[in-house]
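Q: Take a look at the following structure, please.
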Amino acid sequence: MPRFVLDTHTHTIASGHAYSTISEMIAMAQQKGLKLLAITEHGPNLEGSVSEIYFRNFKVIPRQYGDLELFMGIEADIMDAQGNLCISDNVQQKMDYIVASLHPIVTAPMSLEENTSAYIGAMQNPYVCTLGHIDDGKYEIDYEAVVKEAKKTHTLIELNSSSLHPLASRKNSRENLKTVLALCEREGVPIVIDSDAHICYDIANFVRAEALIDEVHFPEELIVNTSVEKFKKEIEKKLLYFGVVKR
Ligand SMILES: [Zn+2]
Ligand SMILES: [Zn+2]
């Protein structure tokens, strides 16, 4: 069994700049021994991605393939300094999983205060499970404030393995991730490692993320990827905190 059994941030051809189908993603996740895969397409405001109706029809997609569970979700764009997302509330409620991210081609970087409040606002949303790539230094933020709010709201912090790719477009990710990991360790905030795969072959490609957590000796108990149960328990904590029941 692999060290980590889930990958919760991946894209298919539906995102417009990714290259595998759902079937190919599932087959590869099974081949790699994963127990849970989340497919999180980009939101409608990101050029080339699907419109909202795509996210409304997930009911037709089976969620279990042998011992692999599938989550259908979105990597939603945070649209403003209040943390509003790019997709309607009633669609958010029905999805299995939401990563909330800032992308320069949708939401231009704002001031440090505004970028920070964008993430904090997004964490106030009970359906936002995880913040995506907060390591991107194009958005200057108060990391301590964000990690403390993640603790309060039970929002997972992402260690995005793609951010550590030498050709990644994000800025200063490695250093920023070290800051984030140190804060998460200090505050006891759980993290989720994910691939942000844009092709099936990259599913569960955590090589760079694993090297980093080993380098900084990040505590294994704060990594939710070791079991599906552990991951789901964290997601449920947030819903409980906000008193939300999901159908
Ligand atoms: Zn992203
Ligand atoms: Zn992504």
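Q: Enumerate the calculated ³J(HN,Hα) couplings along region 22-32 in order (Karplus 6.51 cos²θ - 1.76 cosθ + 1.60, θ = phi - 60°), each rounded to whole Hz, writing x wherever the residue is Gly or Pro.
A: In residue order, the calculated couplings are 4, 4, 5, 5, 5, 4, 5, 4, 5, 4, 8 Hz.
Q: What nm distance separates the two modelled labels at Ser111 and Phe242, each placed 7 Å from Cα along Cα→Cβ?
A: Reported label-point gap for Ser111 and Phe242 is 2.7 nm.
Q: Along the charge dipole of the chain, Cβ charges K/R +1 and D/E -1, which of Val60, Val147, Asn45 sits furthest on the positive end?
A: Checked the options; the winner is Val60.
Q: At Lys232 and Ala182, where each label point lies 7 Å from the Cα along Cα→Cβ, what is the point-to-point distance in nanometres?
A: Going from the Lys232 label point to the Ala182 one covers 3.7 nm.
Q: Just how far, in whole angstrom, is region 153-173 from region 177-247 if you go by their alpha carbon centroids?
A: Computed from Cα coordinates, the inter-centre distance equals 12 Å.
Q: Quote the charge dipole size of the chain about the Cα centre in Debye, to the nearest 20; the model charges only the Cβ of Lys and Arg (+1) and of Asp and Glu (-1). The partial results should precede the final answer.
A: Details: 24 positive and 35 negative charges, 139 e Å.
Result for the chain is approximately 660 debye, rounded to the nearest 20.
Q: Determine which lysines satisfy two conditions relative to Lys171: a Cα distance under 20 Å, and not lying fewer than 8 residues away in the same chain.
A: By straight Cα distance, Lys171 reaches Lys138.
Q: What is the local net charge at Lys148, summed over the other residues whose Cβ is closer than 11 Å to its Cβ (Lys, Arg +1; Asp, Glu -1)? Don't skip to the answer; put the middle values down first.
A: Working: positive: Lys151, Lys152, Arg186; negative: Asp142, Glu144, Glu149, Glu187.
Overall, the nearby charge balance is -1.
Q: Toward the positive end of the charge dipole of region 6-241, about the Cα centre and with charges on Cβ (Lys, Arg +1; Asp, Glu -1), which of Leu131, Gln31, Leu212 goes farthest?
A: The residue sitting farthest along the positive end of the dipole is Gln31.
Q: Fewest to most neighbouring Cβ within 10 Å: what's the order for His198, His17, His154?
A: Listed from fewest to most nearby Cβ atoms, that is His17, His198, His154.
Q: Give me the lysines in straight-line cross-link reach of Lys230: C-alpha distance below 20 Å, same-chain residues under 8 apart excluded.
A: Filter leaves Lys32, Lys35, Lys151, Lys152, Lys238, Lys246.
Q: If you take every residue apart from Asn84 with its C-beta less than 14 Å away from the C-beta of Asn84, what net charge results, scoring Lys and Arg +1 and Asp and Glu -1? Can you show the working numbers first?
A: Working: positive: none; negative: Asp77, Asp80, Asp89, Glu114.
Net charge around Asn84: -4.
Q: Tally Lys/Arg at +1 and Asp/Glu at -1 over every other residue whose Cβ is under 13 Å from the Cβ of Glu52; what's the total?
A: Net charge in that neighbourhood comes out at -1.
Q: When only C-alpha pairs under 8 Å and at least 6 residues apart count, what is the relative contact order of the chain, in percent?
A: With pairs under 8 Å counted, the relative contact order is 21 percent.
Q: Right, something else. As a test of the formula, what do you get for the chain when each DSSP H run with n ≥ 4 contributes -39,500 (n - 2.57) and the sum is divided by the residue count, at 222 nm and rounded to the nearest 500 deg cm²/dmol?
A: Counting only the DSSP helices, I get -10000 deg cm²/dmol.
Q: If we sort 155-163, 54-62 on the protection proxy, mean other Cβ atoms within 10 Å, highest first, what's the order?
A: Ranking, from highest mean packing down: 155-163, 54-62.
Q: Determine ³J(HN,Hα), in whole Hz, for all residues of region 7-17 in sequence, where each value follows from phi through the Karplus function 6.51 cos²θ - 1.76 cosθ + 1.60 and θ = phi - 60°; x replaces Gly and Pro.
A: 10, 10, 8, 8, 10, 10, 3, 4, 6, x, 9
Q: What FRET efficiency do you get for Gln93 and Arg63 if R0 is 22 Å and r is their Cβ-Cβ distance, rounded to the nearest 0.05? Mind showing how you got there, number by number?
A: Values: r = 17 Å, r/R0 = 0.76.
Efficiency, from the Cβ-Cβ distance: 0.85.
Q: Counting other Cβ atoms within 10 Å of each Cβ, which GluC sites (Glu not before Pro) in region 1-65 have at most 14 and sit in a DSSP loop?
A: Glu47
Quick note: the coordinates plus some simple rules give every number you see, no bench work behind them. In this text the structure is predicted, and so the values were computed from the model without any measurement. Reconstructed Cβ throughout: ideal geometry from the backbone, glycine too, with neighbour counts over all protein chains shown.
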